[in-house]
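Working notes, beginning with the structure itself.
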Amino acid sequence: MKKDFLSVGDLNKKEIEHLFQVTKELKRKPYSTPLKNKTIVLLFEKASTRTRLSFEAGIGHLAGKAIYVDASTSQLARGETVEDTARVMERFVDGIVARVYKHEMLVGLARNSDIPVINALSDLEHPCQALADIFTVLEKAGTLKRQKVAFIGDGNNVCNSLMLCCAILGVEFAAATPLGYRPNAEILARAKKLAGEKIQIYDDPTKAVNNASFVYTDVFVSMGNEAEKAERLKTFVPKYQVTSELMGKARKGALFMHCLPAHRGQEVAADVIDGRSSIVFDQAENRMHTQNALLKMLYSR
(Lines give C-alpha, C1' and ligand atoms only; values in the text may rest on other atoms or scores of the structure.)
Protein backbone atom coordinates (compact mmCIF):
# COMPACT_ATOMS: atom_id res chain seq x y z
CA MET A 1 0.00 0.00 0.00
CA LYS A 2 0.98 3.61 -0.49
CA LYS A 3 1.73 5.78 2.53
CA ASP A 4 -1.35 7.93 1.92
CA PHE A 5 -4.95 7.31 0.90
CA LEU A 6 -6.05 10.32 -1.11
CA SER A 7 -7.96 8.48 -3.84
CA VAL A 8 -9.69 5.15 -4.29
CA GLY A 9 -7.13 4.69 -7.04
CA ASP A 10 -4.37 4.50 -4.43
CA LEU A 11 -5.52 0.90 -3.89
CA ASN A 12 -5.50 -1.84 -6.51
CA LYS A 13 -8.08 -4.61 -6.87
CA LYS A 14 -6.16 -7.07 -4.71
CA GLU A 15 -5.73 -4.48 -1.94
CA ILE A 16 -9.41 -3.53 -1.94
CA GLU A 17 -10.45 -7.18 -1.83
CA HIS A 18 -8.09 -7.71 1.11
CA LEU A 19 -9.49 -4.59 2.78
CA PHE A 20 -13.01 -6.01 2.47
CA GLN A 21 -11.89 -9.24 4.09
CA VAL A 22 -10.34 -7.29 6.96
CA THR A 23 -13.57 -5.29 7.19
CA LYS A 24 -15.59 -8.46 7.65
CA GLU A 25 -13.28 -9.56 10.44
CA LEU A 26 -13.38 -6.20 12.21
CA LYS A 27 -17.15 -6.01 11.89
CA ARG A 28 -17.43 -9.33 13.71
CA LYS A 29 -14.82 -8.34 16.31
CA PRO A 30 -14.53 -4.53 16.29
CA TYR A 31 -12.17 -4.13 19.24
CA SER A 32 -8.44 -4.78 18.69
CA THR A 33 -5.12 -2.99 19.15
CA PRO A 34 -3.46 -2.15 15.79
CA LEU A 35 -3.42 1.56 16.73
CA LYS A 36 -2.11 1.08 20.27
CA ASN A 37 0.09 4.07 21.18
CA LYS A 38 -0.93 5.82 17.95
CA THR A 39 -2.49 9.29 17.83
CA ILE A 40 -4.44 10.42 14.75
CA VAL A 41 -5.49 14.02 14.16
CA LEU A 42 -8.82 14.72 12.45
CA LEU A 43 -8.31 18.01 10.62
CA PHE A 44 -11.72 19.16 9.38
CA GLU A 45 -12.59 22.23 7.32
CA LYS A 46 -16.11 20.94 6.60
CA ALA A 47 -18.92 20.11 8.97
CA SER A 48 -19.47 16.41 9.61
CA THR A 49 -21.59 13.87 11.44
CA ARG A 50 -20.83 10.39 10.05
CA THR A 51 -17.22 11.02 9.06
CA ARG A 52 -16.20 12.46 12.41
CA LEU A 53 -18.10 9.92 14.49
CA SER A 54 -16.97 6.92 12.44
CA PHE A 55 -13.31 7.92 12.59
CA GLU A 56 -13.31 8.94 16.25
CA ALA A 57 -15.18 5.81 17.37
CA GLY A 58 -13.21 3.58 15.03
CA ILE A 59 -9.81 4.84 16.15
CA GLY A 60 -10.90 4.17 19.72
CA HIS A 61 -12.01 0.65 18.79
CA LEU A 62 -8.49 0.05 17.45
CA ALA A 63 -6.94 1.29 20.72
CA GLY A 64 -5.73 4.58 19.23
CA LYS A 65 -6.38 8.18 20.23
CA ALA A 66 -8.15 10.72 18.01
CA ILE A 67 -7.68 14.49 18.30
CA TYR A 68 -10.30 16.61 16.50
CA VAL A 69 -9.11 19.93 15.08
CA ASP A 70 -11.60 22.36 13.54
CA ALA A 71 -9.52 24.05 10.86
CA SER A 72 -11.42 27.32 11.35
CA THR A 73 -10.03 27.56 14.88
CA SER A 74 -6.49 26.55 13.87
CA GLN A 75 -3.68 28.73 12.57
CA LEU A 76 -4.66 27.70 9.05
CA ALA A 77 -7.51 30.17 9.39
CA ARG A 78 -4.97 32.92 10.13
CA GLY A 79 -2.80 32.23 7.11
CA GLU A 80 -0.39 29.50 8.19
CA THR A 81 0.59 27.45 5.15
CA VAL A 82 -0.46 23.86 4.59
CA GLU A 83 3.22 22.97 4.30
CA ASP A 84 4.06 24.38 7.75
CA THR A 85 0.96 22.77 9.25
CA ALA A 86 1.96 19.35 7.89
CA ARG A 87 5.53 19.66 9.15
CA VAL A 88 4.33 20.57 12.64
CA MET A 89 1.67 17.89 12.83
CA GLU A 90 4.04 15.09 11.93
CA ARG A 91 6.09 16.00 15.02
CA PHE A 92 3.09 15.36 17.29
CA VAL A 93 0.88 12.67 15.73
CA ASP A 94 1.04 9.44 13.74
CA GLY A 95 -1.48 10.27 11.02
CA ILE A 96 -3.77 12.92 9.56
CA VAL A 97 -7.39 12.37 8.54
CA ALA A 98 -8.42 15.50 6.62
CA ARG A 99 -11.84 16.68 5.45
CA VAL A 100 -11.23 19.67 3.21
CA TYR A 101 -12.69 21.94 0.57
CA LYS A 102 -9.86 21.65 -1.96
CA HIS A 103 -8.12 18.41 -2.90
CA GLU A 104 -4.87 20.33 -3.30
CA MET A 105 -4.75 20.77 0.48
CA LEU A 106 -4.62 16.99 0.92
CA VAL A 107 -1.82 16.75 -1.61
CA GLY A 108 0.09 19.45 0.27
CA LEU A 109 -0.34 17.67 3.60
CA ALA A 110 0.87 14.39 2.09
CA ARG A 111 3.87 15.90 0.30
CA ASN A 112 5.10 17.70 3.39
CA SER A 113 4.77 14.98 6.03
CA ASP A 114 6.10 11.48 6.50
CA ILE A 115 2.95 10.23 8.24
CA PRO A 116 -0.12 8.77 6.49
CA VAL A 117 -2.71 11.26 5.22
CA ILE A 118 -6.25 9.98 4.64
CA ASN A 119 -8.84 11.75 2.49
CA ALA A 120 -12.01 12.06 4.57
CA LEU A 121 -13.59 14.16 1.78
CA SER A 122 -12.42 16.72 -0.75
CA ASP A 123 -14.01 18.45 -3.70
CA LEU A 124 -12.56 15.77 -5.99
CA GLU A 125 -13.13 12.49 -4.15
CA HIS A 126 -14.73 10.82 -1.13
CA PRO A 127 -12.81 7.52 -1.19
CA CYS A 128 -13.68 6.27 2.31
CA GLN A 129 -17.35 6.58 1.38
CA ALA A 130 -16.82 4.57 -1.80
CA LEU A 131 -15.10 1.75 0.08
CA ALA A 132 -18.03 1.57 2.50
CA ASP A 133 -20.51 1.69 -0.40
CA ILE A 134 -19.02 -1.17 -2.38
CA PHE A 135 -18.44 -3.23 0.75
CA THR A 136 -22.17 -2.77 1.44
CA VAL A 137 -22.96 -3.94 -2.10
CA LEU A 138 -20.85 -7.05 -1.48
CA GLU A 139 -22.48 -7.61 1.91
CA LYS A 140 -26.01 -7.38 0.51
CA ALA A 141 -25.48 -9.23 -2.78
CA GLY A 142 -22.95 -11.80 -1.55
CA THR A 143 -20.81 -11.17 -4.64
CA LEU A 144 -19.70 -8.28 -6.85
CA LYS A 145 -20.17 -10.36 -9.99
CA ARG A 146 -23.10 -9.33 -12.18
CA GLN A 147 -23.83 -6.29 -10.01
CA LYS A 148 -24.60 -2.87 -11.45
CA VAL A 149 -24.54 0.41 -9.52
CA ALA A 150 -26.48 3.35 -10.96
CA PHE A 151 -25.71 6.84 -9.66
CA ILE A 152 -28.33 9.52 -10.29
CA GLY A 153 -27.73 13.25 -9.89
CA ASP A 154 -24.63 15.42 -9.54
CA GLY A 155 -21.35 13.92 -10.81
CA ASN A 156 -19.64 15.04 -7.62
CA ASN A 157 -16.86 13.73 -5.37
CA VAL A 158 -18.98 10.78 -4.23
CA CYS A 159 -19.80 9.86 -7.83
CA ASN A 160 -16.11 10.14 -8.82
CA SER A 161 -14.88 7.78 -6.11
CA LEU A 162 -17.77 5.34 -6.51
CA MET A 163 -17.20 5.14 -10.26
CA LEU A 164 -13.46 4.58 -9.86
CA CYS A 165 -13.96 1.93 -7.17
CA CYS A 166 -16.43 0.07 -9.39
CA ALA A 167 -13.98 0.24 -12.30
CA ILE A 168 -11.12 -1.18 -10.23
CA LEU A 169 -13.28 -4.07 -9.04
CA GLY A 170 -15.00 -4.76 -12.36
CA VAL A 171 -18.46 -3.72 -11.17
CA GLU A 172 -20.75 -2.25 -13.83
CA PHE A 173 -21.44 1.44 -13.20
CA ALA A 174 -23.77 3.94 -14.85
CA ALA A 175 -24.33 7.57 -13.94
CA ALA A 176 -27.13 9.86 -15.08
CA THR A 177 -26.17 13.52 -14.73
CA PRO A 178 -27.16 16.74 -16.49
CA LEU A 179 -24.70 18.37 -18.89
CA GLY A 180 -22.42 20.60 -16.87
CA TYR A 181 -22.56 18.25 -13.89
CA ARG A 182 -20.64 15.30 -15.28
CA PRO A 183 -18.07 13.34 -13.23
CA ASN A 184 -14.47 14.57 -13.30
CA ALA A 185 -13.10 14.02 -16.82
CA GLU A 186 -9.74 12.59 -15.70
CA ILE A 187 -11.32 10.14 -13.28
CA LEU A 188 -13.89 9.13 -15.91
CA ALA A 189 -11.10 8.49 -18.42
CA ARG A 190 -9.21 6.41 -15.86
CA ALA A 191 -12.32 4.40 -15.02
CA LYS A 192 -13.05 3.72 -18.68
CA LYS A 193 -9.45 2.66 -19.25
CA LEU A 194 -9.81 0.14 -16.42
CA ALA A 195 -13.30 -1.15 -17.18
CA GLY A 196 -14.27 -0.08 -20.70
CA GLU A 197 -17.96 -0.44 -21.51
CA LYS A 198 -18.79 -1.30 -17.91
CA ILE A 199 -18.67 2.46 -17.25
CA GLN A 200 -21.48 4.47 -18.84
CA ILE A 201 -22.65 8.10 -18.53
CA TYR A 202 -26.15 9.16 -19.54
CA ASP A 203 -28.46 12.17 -19.44
CA ASP A 204 -31.50 9.97 -18.88
CA PRO A 205 -31.92 8.36 -15.41
CA THR A 206 -34.11 5.59 -16.83
CA LYS A 207 -31.24 4.43 -19.03
CA ALA A 208 -28.82 4.45 -16.12
CA VAL A 209 -31.02 2.38 -13.80
CA ASN A 210 -31.81 -0.23 -16.44
CA ASN A 211 -30.82 -3.60 -14.91
CA ALA A 212 -29.21 -1.84 -11.92
CA SER A 213 -29.13 -3.87 -8.71
CA PHE A 214 -28.25 -0.78 -6.64
CA VAL A 215 -29.53 2.77 -7.22
CA TYR A 216 -27.54 5.56 -5.57
CA THR A 217 -27.99 9.29 -5.17
CA ASP A 218 -26.51 12.18 -3.21
CA VAL A 219 -27.59 15.71 -2.36
CA PHE A 220 -28.00 18.11 -5.25
CA VAL A 221 -26.51 21.01 -3.27
CA SER A 222 -23.26 20.00 -1.57
CA MET A 223 -21.38 22.04 1.04
CA GLY A 224 -19.75 24.91 -0.80
CA ASN A 225 -22.43 25.03 -3.51
CA GLU A 226 -25.09 26.85 -1.50
CA ALA A 227 -24.97 29.92 -3.75
CA GLU A 228 -26.03 27.69 -6.65
CA LYS A 229 -28.99 26.15 -4.81
CA ALA A 230 -31.82 27.66 -6.86
CA GLU A 231 -30.13 26.89 -10.18
CA ARG A 232 -29.21 23.37 -9.12
CA LEU A 233 -32.70 22.47 -7.89
CA LYS A 234 -34.19 23.80 -11.13
CA THR A 235 -31.77 21.61 -13.10
CA PHE A 236 -32.11 18.41 -11.05
CA VAL A 237 -35.72 18.36 -9.81
CA PRO A 238 -37.79 16.44 -10.75
CA LYS A 239 -35.91 14.69 -13.59
CA TYR A 240 -33.05 13.34 -11.46
CA GLN A 241 -35.03 12.62 -8.31
CA VAL A 242 -35.05 8.96 -7.25
CA THR A 243 -38.69 8.01 -6.92
CA SER A 244 -40.48 4.70 -6.53
CA GLU A 245 -41.29 4.95 -10.25
CA LEU A 246 -37.59 5.21 -11.15
CA MET A 247 -36.72 2.37 -8.74
CA GLY A 248 -39.32 0.29 -10.58
CA LYS A 249 -37.28 0.60 -13.78
CA ALA A 250 -34.23 -0.97 -12.12
CA ARG A 251 -33.65 -4.70 -11.63
CA LYS A 252 -36.28 -6.45 -9.55
CA GLY A 253 -35.35 -6.20 -5.89
CA ALA A 254 -32.93 -3.30 -6.46
CA LEU A 255 -31.70 -1.59 -3.31
CA PHE A 256 -31.46 2.14 -2.66
CA MET A 257 -28.26 3.83 -1.46
CA HIS A 258 -27.42 7.33 -0.23
CA CYS A 259 -24.31 8.58 1.60
CA LEU A 260 -26.37 10.97 3.78
CA PRO A 261 -27.39 13.53 4.86
CA ALA A 262 -30.49 13.33 2.66
CA HIS A 263 -33.09 15.88 1.63
CA ARG A 264 -36.41 14.13 1.16
CA GLY A 265 -38.37 15.67 -1.67
CA GLN A 266 -35.23 16.81 -3.49
CA GLU A 267 -32.83 14.06 -4.60
CA VAL A 268 -34.99 11.25 -3.22
CA ALA A 269 -38.64 10.69 -2.40
CA ALA A 270 -39.44 9.93 1.23
CA ASP A 271 -41.13 6.63 0.41
CA VAL A 272 -37.90 5.41 -1.23
CA ILE A 273 -35.35 6.36 1.42
CA ASP A 274 -37.69 5.29 4.21
CA GLY A 275 -38.92 2.20 2.36
CA ARG A 276 -37.94 -1.46 2.46
CA SER A 277 -35.41 -1.16 -0.37
CA SER A 278 -33.32 1.43 1.48
CA ILE A 279 -29.97 0.35 2.95
CA VAL A 280 -28.66 3.82 3.77
CA PHE A 281 -28.06 3.15 7.47
CA ASP A 282 -26.15 -0.04 6.74
CA GLN A 283 -23.93 2.08 4.50
CA ALA A 284 -23.46 4.57 7.32
CA GLU A 285 -22.44 1.85 9.76
CA ASN A 286 -20.00 0.34 7.30
CA ARG A 287 -18.11 3.63 7.09
CA MET A 288 -16.52 2.84 10.44
CA HIS A 289 -15.72 -0.79 9.63
CA THR A 290 -14.10 -0.11 6.25
CA GLN A 291 -12.16 2.86 7.63
CA ASN A 292 -10.92 0.69 10.48
CA ALA A 293 -9.74 -1.88 7.96
CA LEU A 294 -7.93 0.86 6.05
CA LEU A 295 -6.27 2.12 9.24
CA LYS A 296 -5.23 -1.39 10.23
CA MET A 297 -3.67 -1.97 6.83
CA LEU A 298 -1.84 1.38 6.85
CA TYR A 299 -0.37 0.79 10.30
CA SER A 300 0.40 -2.91 9.99
CA ARG A 301 3.05 -2.54 7.31
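Between Asn119, Asn37, the distinction of being among the polar types (S, T, N, Q), within 23 Å of Asn157 (Cα to Cα) and not in a helix (DSSP H, G or I) belongs to Asn119 only.
For every residue, the table says whether it meets (1) in contact with a Lys or Arg (Cβ under 7 Å, 6 or more places away or on another chain); (2) assigned by TED's automatic domain parsing to the domain that holds Arg146; (3) modelled with pLDDT under 95; (4) more than 14 Å from Ile152 (Cα to Cα).
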{"position": "Ala185", "(1), (2), (3), (4)": "no, yes, no, yes"}
{"position": "Ala189", "(1), (2), (3), (4)": "no, yes, no, yes"}
{"position": "Asp218", "(1), (2), (3), (4)": "no, yes, no, no"}
{"position": "Asn225", "(1), (2), (3), (4)": "yes, yes, yes, yes"}
{"position": "Tyr240", "(1), (2), (3), (4)": "no, yes, no, no"}
{"position": "Phe256", "(1), (2), (3), (4)": "no, yes, no, no"}
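Screening the candidates Leu233, Leu194, Leu188 for the property of being of a type in the set (A, V, I, L, M), farther than 22 Å from Leu255 by Cα and surrounded by fewer than 16 Cβ atoms within 10 Å (Cβ to Cβ) yields one hit, Leu233. Just checking, does region 86-104 include any residue being surrounded by fewer than 18 Cβ atoms within 10 Å (Cβ to Cβ) and of a type in the set (A, V, I, L, M)? Yes, region 86-104 contains at least one residue that is surrounded by fewer than 18 Cβ atoms within 10 Å (Cβ to Cβ) and of a type in the set (A, V, I, L, M).
Might you check whether a residue that is farther than 21 Å from Ile279 by Cα and either in contact (Cβ under 8 Å) with a residue 60 or more places away in the chain or within 13 Å of the chain's Cα centre (by Cα) (or both) occurs anywhere in region 135-150? So far as region 135-150 goes, no, none of its residues is farther than 21 Å from Ile279 by Cα and either in contact (Cβ under 8 Å) with a residue 60 or more places away in the chain or within 13 Å of the chain's Cα centre (by Cα) (or both). Put simply, of Gly265, Gly275 the only residue that is among the small types (Gly, Ala, Ser) and out of contact with any strand residue (DSSP E or B) (no Cβ under 8 Å at 6 or more places or on another chain) is Gly265. Just one of the numbered conditions (1) closer than 15 Å to Leu19 by Cα; (2) of a type in the set (A, V, I, L, M, F, W, C); (3) part of a helix (DSSP H, G or I) is not true of Leu144: (3). Name every residue in region 199-220 that is over 15 Å from Cys166 (Cα atoms) and of a type in the set (Phe, Trp, Tyr), in order of residue number. Answer for region 199-220, where residues must be over 15 Å from Cys166 (Cα atoms) and of a type in the set (Phe, Trp, Tyr): Tyr202, Phe220. Within this structure, Ala293 fails the test of being outside the structural domain of Asn119 (by TED's automatic domain parsing), touching a strand residue (DSSP E or B) at 6+ places or on another chain (Cβ under 9 Å) and of a type outside the set (Phe, Trp, Tyr).
Among the residues of region 152-177, the one identified as within 14 Å of the chain's Cα centre (by Cα) and of a type in the set (Val, Ile, Thr) is Val158.
The values are calculated or read from the model by the stated rules, or taken from the named source; none is laboratory data. Since the model is a prediction, treat every value here as computed from it, not as a measurement. Here the Cβ is made from the backbone with ideal geometry for all residues, glycine too, and neighbour counts use every protein chain on show.
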